[in-house]
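Reading through the structure tokens given below for one structure.
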Amino acid sequence: MMILGLVRWMQPVHGYDVRRELLSWSADKWANVQPGSIYHALRKLADEGLLRAVSTEQVGARPARTTYEVTAKGVDEFESLLRAQWWQLHEVPDPFVAAFSFLPAMPRDEAAAALRNRANLIRAGIESMRASLESDWVRNSKPVHVGWMFELWLARAEADMAWCARIAERIESGVSYLPASIEQAAEWSEWKDRAAPRDDDAK
């Protein structure tokens, strides 16, 4: 969707400018668009009839540059993908959530320390985002909705940071990870000792 949308916006355009624009948006960090895959993606979209190559030029010893524009089929595909993202919720896989599902496998003190470290890392990111949001770079050289995107990222990061602190406190308090209803369940027996609070945790 990102590449189709950019080609539609900038057309006719060659891959170098598409790549440069995506990097200027830091799309590799939040849209899972890897710079090294952009040229391959452009060729693939052209093979699928979503883009058309309008010219290829070569200057000196530099690699040949192919200029693209969107086909009518590509416009339809872009608008379909765009609306699917606007009107639906999509869960993004988060490796941390996978790791957190094995919380009882971590010593309590390490789990709490890791959560507090995560909160500190998030706090640093929040400060960076706030600085960007208040900078002339965003205020004067970017469309208004770019600032709104930063506000969304800030809200999510602040909620994540607060959650980390809250759960670290619960872990340190010695609260049992297993509710009474499943404490005796056979499938949890291996983790029962790890999940139960230690005497020194409860003090």
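The values are calculated or read from the model by the stated rules, or taken from the named source; none is laboratory data. Worth saying up front: this structure is predicted, and the values here are computed from it rather than measured. Counting neighbours? That spans all protein chains shown, and the Cβs are built from the backbone with ideal geometry, glycine included. Side chains are part of the model used for accessible areas, which takes the heavy atoms of the whole protein and leaves out ligands, DNA and RNA. Shrake-Rupley method; radii C 1.70, N 1.55, O 1.52, S 1.80 Å.
Observations
- When residues of the stretch 71-117 are limited to those that are touching a Gly at 6+ places or on another chain (Cβ under 9 Å) and farther than 30 Å from Ala168 by Cβ, the one most open to solvent (accessible area, probe 1.4 Å): Lys73
- Unique match (being of a type in the set (A, V, I, L, M) and under 30 Å from Glu158 (Cβ atoms)) among Ala46, Ala72, Ala131: Ala131
- Condition broken by Gly49, with the remaining ones in (1) at positive phi; (2) open to solvent by 90 Å² or more (accessible area, probe 1.4 Å) satisfied: (2)
- Within the stretch 51-109, the set of residues being polar (S, T, N, Q), part of a loop (DSSP other than H, G, I, E, B) and at pLDDT 90 or above comprises Thr71, Ser101.
- Residues being in a loop (DSSP other than H, G, I, E, B) and open to solvent by less than 20 Å² (accessible area, probe 1.4 Å) - total across the stretch 164-179: 2
- Selected residue (only one of Met161, Met129 is part of a helix (DSSP H, G or I) and modelled with pLDDT under 90): Met129
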